[in-house]
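A.B. asks: Have a look at the structure that comes next, please.
The values are calculated or read from the model by the stated rules, or taken from the named source; none is laboratory data. Because the structure is predicted, anything quoted here is derived from the model rather than measured. We place every Cβ from the backbone using ideal geometry, glycine too, and count neighbours over all the protein chains shown.
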């Protein structure tokens, strides 16, 4: 029996309909699920001759081994009833609101009452569907379609819940919104994130993906920075190192908007992540920042697209990774400039620090330019830690681990300095310290 058949056996059309009936979904959403199922069934599993998948294999990946999350909690807990780990995670960031999901279900929710009075909507996607159905219908699946890739189609077939945030125009929210997605052991999670920044608004969202031992996460994020808005999306992936992680993310930057995306990839056994930045209108600016630090036999694969559709837009990408043991990273990115997108200014850089003779980093930056008045540059580097650098620091009284940490943290500093939330930066620095053996 093929893997495709085993998935059909575990998730038939009847199962897809059952999901829709379980949540009493509107007809438009039921039809979208069924269309996604048709796309999923018709889309072959990755062919390793494809450039997108040539360096990442799914050896050992068996979808039939995962149980679907329930997405229905027994009840929503108070903060004091959360596990010590989740409560500690929440406490690290002074937030304007927080959502905590476990096994796909919402177990904790809070938001500043003053923001609710100003028109902010921050809730799980199920609640948003029930209370703001037309707003959700206008945006859900409009950026990332089921046809995007095999895993996006699977996501739209099986998703149960997700996080939703909408800010009205002309509102600045100083504190970040925080979302924690605690994946269940042995479970397949399909979290959907939908964030809309109204015109001339400013907001920050921090999403943490944790847990998921022997499980799988297949998530989609759709982010809308509307005209003149400033939207910061910080996504921290620290799943268990036995978990499989697939994520498809796309933002649509409108006129004079600023969108900043931070992708921190620490966990998972294998990660395959697509991040698309769509420069839809003139004056928009996008930043894609990445940090990754695989160890053991972890495999982290990022695929980015800076898609410049209109004139006078700018984008800046900086991904940095440190690799230890027998780990491997793949970075494949492209800057696309459409015809007529004059005065585009786009930059792309991927740097890798190799900490072991058996670690490997593949970097494939690229350009596709169809306009003649642009400035587009890209580059990639890979280098080992030089023994003389360690010797220099150790000769001044530092231990080997401390010297190694200073080198690694200094390498990441260029990205860390651009993280807009102090609590997030502290978490990133603590994870770096842990990975070099100091915590």
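A.B. asks: Residue under question is residue 203, and the condition is that it be in a strand (DSSP E or B), surrounded by 22 or more Cβ atoms within 10 Å (Cβ to Cβ) and within 15 Å of the chain's Cα centre (by Cα); does it hold?
C.D. replies: no
A.B. asks: So, residue 115, is that one surrounded by fewer than 22 Cβ atoms within 10 Å (Cβ to Cβ), within 21 Å of the chain's Cα centre (by Cα) and under 30 Å from residue 279 (Cα atoms) or not?
C.D. replies: no
A.B. asks: Of the residues 143, 82, only one is touching a strand residue (DSSP E or B) at 6+ places or on another chain (Cβ under 8 Å) and within 27 Å of residue 251 (Cβ to Cβ); which?
C.D. replies: 143
A.B. asks: Hey, another quick one. Going by the structure shown, is residue 281 assigned to a loop (DSSP other than H, G, I, E, B), in contact (Cβ under 8 Å) with a residue 40 or more places away in the chain and within 30 Å of residue 372 (Cα to Cα)?
C.D. replies: When the stated conditions are applied, residue 281 passes them.
A.B. asks: Still on this structure: Looking at the stretch 175-199 only, could you name the residues that are outside any strand (DSSP E or B) and closer than 21 Å to residue 158 by Cβ?
C.D. replies: Scanning the stretch 175-199 gives 184, 185, 186, 190, 191.
A.B. asks: Looking at the stretch 89-162, what strands (runs of 3 or more DSSP E) fall wholly within it and have at least 1 residues that are farther than 30 Å from residue 50 by Cβ and in the same structural domain as residue 427 (by TED's automatic domain parsing)?
C.D. replies: Per the criteria, no element qualifies.
A.B. asks: Is the stretch 149-165 home to any residue that is touching a helix residue (DSSP H, G or I) at 6+ places or on another chain (Cβ under 8 Å), touching a residue at least 12 places away in the same chain (Cβ under 8 Å) and either exposed (fewer than 15 other Cβ atoms within 10 Å of the Cβ) or farther than 25 Å from residue 243 by Cβ (or both)?
C.D. replies: No; the residues of the stretch 149-165 include none that is touching a helix residue (DSSP H, G or I) at 6+ places or on another chain (Cβ under 8 Å), touching a residue at least 12 places away in the same chain (Cβ under 8 Å) and either exposed (fewer than 15 other Cβ atoms within 10 Å of the Cβ) or farther than 25 Å from residue 243 by Cβ (or both).
A.B. asks: Looking only at the stretch 345-377, count every residue that is in a strand (DSSP E or B) and buried (at least 18 other Cβ atoms within 10 Å of the Cβ) and tell me the total.
C.D. replies: Residues flagged as in a strand (DSSP E or B) and buried (at least 18 other Cβ atoms within 10 Å of the Cβ) within the stretch 345-377 amount to 12.
A.B. asks: Restricting to the stretch 291-338, name every residue that is part of a strand (DSSP E or B) and in contact with a helix residue (DSSP H, G or I) (Cβ under 7 Å, 6 or more places away or on another chain).
C.D. replies: The answer is 291, 318, 320, 322.
A.B. asks: Name the pairs whose Cβ atoms lie under 6 Å apart, with the first residue in the stretch 384-401 and more than 12 Å from residue 355 (Cα to Cα), the second at pLDDT 80 or above and exposed (fewer than 15 other Cβ atoms within 10 Å of the Cβ), and 6 or more positions between them or separate chains?
C.D. replies: As it stands, the answer is none, since no pair meets every condition given.
A.B. asks: For residue 37, are the conditions met, namely being at pLDDT 90 or above, in a loop (DSSP other than H, G, I, E, B) and either surrounded by 15 or more Cβ atoms within 10 Å (Cβ to Cβ) or within 23 Å of the chain's Cα centre (by Cα) (or both)?
C.D. replies: So residue 37 fails the test.
A.B. asks: Let me ask something else about it. When the stretch 286-308 is examined, which residues are found to be in contact with a strand residue (DSSP E or B) (Cβ under 6 Å, 6 or more places away or on another chain) and surrounded by fewer than 20 Cβ atoms within 10 Å (Cβ to Cβ)?
C.D. replies: 287, 305
A.B. asks: Still on this model: Please state which one of 227, 213, 247, 264 is more than 30 Å from residue 68 (Cα to Cα) and either part of a strand (DSSP E or B) or in the same structural domain as residue 123 (by TED's automatic domain parsing) (or both).
C.D. replies: One residue alone meets the criteria, 227.
A.B. asks: Which condition number in (1) buried (at least 17 other Cβ atoms within 10 Å of the Cβ); (2) at pLDDT below 90 is the one that residue 75 fails?
C.D. replies: (1)
A.B. asks: Just one of 141, 133 is at positive phi and in contact (Cβ under 8 Å) with a residue 24 or more places away in the chain; which is it?
C.D. replies: 141
A.B. asks: Which residue pairs have Cβ atoms under 8 Å apart, sit 6 or more places apart or on different chains, and have a first residue in the stretch 78-100 that is under 21 Å from residue 172 (Cβ atoms) and a second that is loosely packed, with under 13 Cβ neighbours inside 10 Å and modelled with pLDDT of 90 or more?
C.D. replies: 96/174
A.B. asks: Considering only residues of the stretch 387-431 that are under 26 Å from the mean Cα position of the chain (by Cα) and surrounded by fewer than 13 Cβ atoms within 10 Å (Cβ to Cβ), which is nearest to residue 179 (Cα to Cα)?
C.D. replies: 422
A.B. asks: In addition: Identify all residues within the stretch 421-432 that are modelled with pLDDT of 95 or more and farther than 19 Å from residue 85 by Cβ; write none if there are none.
C.D. replies: 421, 422, 425, listed by residue number.
A.B. asks: Restricting to the stretch 43-60, give me the number of residues that are under 18 Å from residue 158 (Cα atoms) and surrounded by 12 or more Cβ atoms within 10 Å (Cβ to Cβ).
C.D. replies: Residues that pass the stated criteria total 2.
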